[in-house]
Amino acid sequence: MNAPVITVTRAAIGYEGRTVLRDISLTVTSGEVVAVLGANGSGKSTLTRAVLGLVPLSSGSVGLFDQPARRFRQWHRIGYVPQRLGAGGGVPATVREVVAAGRLARRGILRPPGRADRRAVATALAAVGLADRTGDPVSTLSGGQQQRVLIARALAGEPELLVLDEPTAGVDAASQEAFAGALQEFVAGGGTVLLVAHELGPLRPLISRAVVVHAGGIAHDGPVPEPAGHHADPDHDHVHPHGPTEPAGLWSA
Amino acid sequence: MELFQYPYMQRALIGALVIGLAAPALGIYLVQRRLALIGDGVGHMALTGVGAGLLLNRSPVLVAVIVASLGAITVELVRARGRTSGDLALALLFYGGIAGGVMLVGLSDSTSTSLNAYLFGSLSTIAPTDLTTIAVLGAAILVTMLSLRPALFAICHDEEYARVSGLPVRALNLLLAVATAVTVTIAMRAVGVLLISALMVVPVAAAQQVTRGFRSTMTAAMALGLFAAGSGVYVAANADTAPGASVVLMAIASFAVVALGGAGWRILRRRRVAAPDTPAVEPHEVVLSQS
């Protein structure tokens, strides 16, 4: 068996007295691509945020790379892709500047970027197909392109584990394909992935295991479940828009 | 120009230039974090320090640095907890700060002119020792803001990502809070507590009308800050106007010029490329026809 990368043991998470998740146990081993599925509000994002230490546990424990998360310091081994890029206060930032932040975990805050840093940033941008946009302000990119910037930022740090929070929600098909390609390359290089998704779309062939979060617990842990109801229709392509159609660049609004 | 042969005018000019350079270098992080007006609040609290300094016969600037730092750290702790009541906590701190300052200055033997000097700035009364303080602290702020730019950019741009990167987010946030307090206090002598935020924010607001990246915005904001400080002092000396107000008005004038110029340039460029410009087409999100 491969080495465990993420170990969640009997974890419970709650906000202001309300329990969101209880008695969650989950192990992700090296080289796995695990999708956390579930309805909106099921707590699947909360689970991944707890793994990263962004949400405190009310009980139980999390381990990262065989160490208790509390004592874990090798953050360069983890690449995090949040749901969306924060709007910030309107100060422009170029694509390259945002992606370069992905090198900080590796190089520390005091050392200026060197040749290896610049090369890693260029490689990551090429992997998501944005090599020609490096000097553009991120706010001029479409929502899908901004999402690709975020995965490039995570890849730039050359991590062993990628944690992605709904990376393809509201993302155009071209960006979803670029995203799947970059992820495939990462997995082929031996990387481990924990991915939160509402729907898998083009990522589906990459997933080695699915965990379904339902009613505060894990309802399924195993192969990717077959779609139910009209989702199971052979003609159903799983490429329908979510909610009202959103204009490109919504995240920058 | 002969006015600048007097040492007090030279000190005024040098002090203003140091602040004009340092304030936007810090301010860009505050703007990015949507805390553009925090400098104003910290200035309010610094006034209590000034009052305490005058009352205790200690250096008002030094006591103000300490009080403003404590205040800024409190603000940061309230912000980090992210409670909605944080808004009211800030109001309590800010107005408590200015009321405390006015009361303490009143209790000391100082006249209302010294209160005015801190409220609206008093460049021409900068003593040689004051100038040393301003230069040393200003240089420290500049070096810190420039050398830690990647890390400070990361925490201001995406704080959660910075935490997952293992950056010392809390320490960097507190550093930013203390740097704000220090900048406010040294700028207090130049433009006064009521106008400090302008020097931190207006050059940044002007620069980002025409820049594309964070680094270029920072450089342009520092250049505009330097220009506003220099030209403001020059105008004040020749037209005998209040230096602090002149510096801030020059900064706002440069904002107007840059914003209008930027808008005009964009319109011109759009007109030039209008013909071949096709809108960027996103692929359909739904499958329109099955082949």
Only Cα pairs within less than 10 Å get springs; with that Gaussian network setup on chain A, which residue of A:11, A:100, A:188 has the largest fluctuation? A:188
Quick one: Debye curve from the alpha-carbon atoms of the protein assembly as shown only, equal weights, vacuum; give me log10 I(q)/I(0) at q = 0.06, 0.10 Å⁻¹ to two decimals. -0.36, -0.89
How much FRET efficiency would the formula 1/(1 + (r/R0)^6) give for residue B:259 and residue A:74, where r is the Cβ-Cβ distance and R0 is 60 Å, rounded to 0.05? 0.85
For chain B, averaging the sequence separation of alpha carbon pairs under 8 Å that lie six or more residues apart and dividing by its residue count, the contact order in percent is 29
Gained length - residue B:89 relative to residue B:240, 0.36 nm times residue gap less alpha-carbon distance: 50.3 nm
Quantify how strongly other chains surround peptide B:211-222 by giving the mean number of their Cβ atoms within 10 Å of each of its Cβ atoms. 4
So, relative contact order of chain A in percent, Cα under 8 Å, 6 or more apart, is 27
For residue A:36, enumerate residues with amide H under 5 Å from its amide H, sequence gap 5+ or separate chain, H modeled in the peptide plane. A:195, A:196, A:197, A:211
With the Cα gyration tensor of segment B:2-194 giving a ≥ b ≥ c as the square roots of its eigenvalues, does the rule (a/c under 1.5 for rounded; else a/b larger than b/c for prolate; else oblate) give rounded, prolate or oblate? oblate
Å³ per residue enclosed by the Cα convex hull of chain A: 147
How high is the relative contact order of segment A:82-210? Use alpha-carbon pairs under 8 Å, at least six apart in sequence, and give a whole percent. 29
Convert each backbone phi in segment B:120-135 into a coupling constant with the Karplus relation 6.51 cos²θ - 1.76 cosθ + 1.60 (shift: θ = phi - 60°), then list the ³J(HN,Hα) values in order as whole Hz, x for Gly and Pro. 10, x, 7, 4, 6, 9, 5, 7, x, 5, 4, 4, 4, 4, 4, 5
HN-Hα J couplings of segment A:136-153 from phi, Karplus 6.51/-1.76/1.60, θ = phi - 60°, integer Hz, Gly and Pro as x? 7, x, 4, 5, 8, 8, 6, x, x, 5, 4, 5, 5, 4, 5, 6, 4, 4
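Computed from the coordinates by the stated procedures, all read-outs in this text should not be read as laboratory data. The model shown is predicted, which means the values in this text are computed figures rather than measured ones. When we count neighbours, we look across all protein chains shown, and the Cβ atoms used for this are built from the backbone with ideal geometry, even at glycine.
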